[in-house]
Amino acid sequence: MLRVSVGVLSTLLILSVAGLGVVGNSFLAAKADATTLRAKLMHPTVGIWNSCNGPCTIKFEQFRAGSVGDTFTTHLAFTSDQNVVWAFLTLEQFVNLSTLSGACRTLRGPRQFPGSRVANCLTLLLKPTSVVGETIYVEGRDGSGKDVKIDFHLAEGCGSYIYVLTPDTTGGSATVLPNVTATYNPASAPTGVCATSR
């Protein structure tokens, strides 16, 4: 018969309990990692514009446009050497911008307003009652800057948006370094213009 002293048994018991604690902590850490990974898999973030095969130059009176994915939160982020006006437009507003029609028709022909027709058109599209040249922005829909980081949520339940970047009305070209990403984040109901056009 094997004889083991009480001291040896106590030591073995303490080591076993300590080992269970380590295993338990490892299990809890693994469970937390799995929960984080599951959340990332359900709402992945993907890059949608991060390069122009060199500098992304936007000339005065021109713009760059990018699509905004339905069921995604768009993370518009860029730096620039000049102030850049940015805006999220509905498809109808984008057509008006591209053709200087609708709210922008007053910008056709001889120059009636100072600065860029594109930037002034964005002002008219998003604030139809405003005066061209004002710098009143719609929270989360448009703005201006050299270092921009904004999250756009209206497309989480609506596939009717485009974002536009153009140099500020002060003139000159802008060199933009983009880092635009999108996170899958579907809304439970229509959002933005889709919620109002039923």
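The figures follow:
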quantity	calculated
Point-to-point label distance, Lys40-Asn179, nm (Cα→Cβ direction, 7 Å offset)	1.7 nm
Extension gain (nm, one decimal) between Asp33 and Val193, 0.36 nm per residue minus Cα-Cα	53.8 nm
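Bear in mind that the values in this text are calculations on the coordinates, not laboratory data. Remember, predicted model here, so these are calculated numbers, not experimental data. For neighbour counting, all protein chains shown are included, and Cβ atoms are generated from backbone atoms with ideal geometry for every residue, glycine included.
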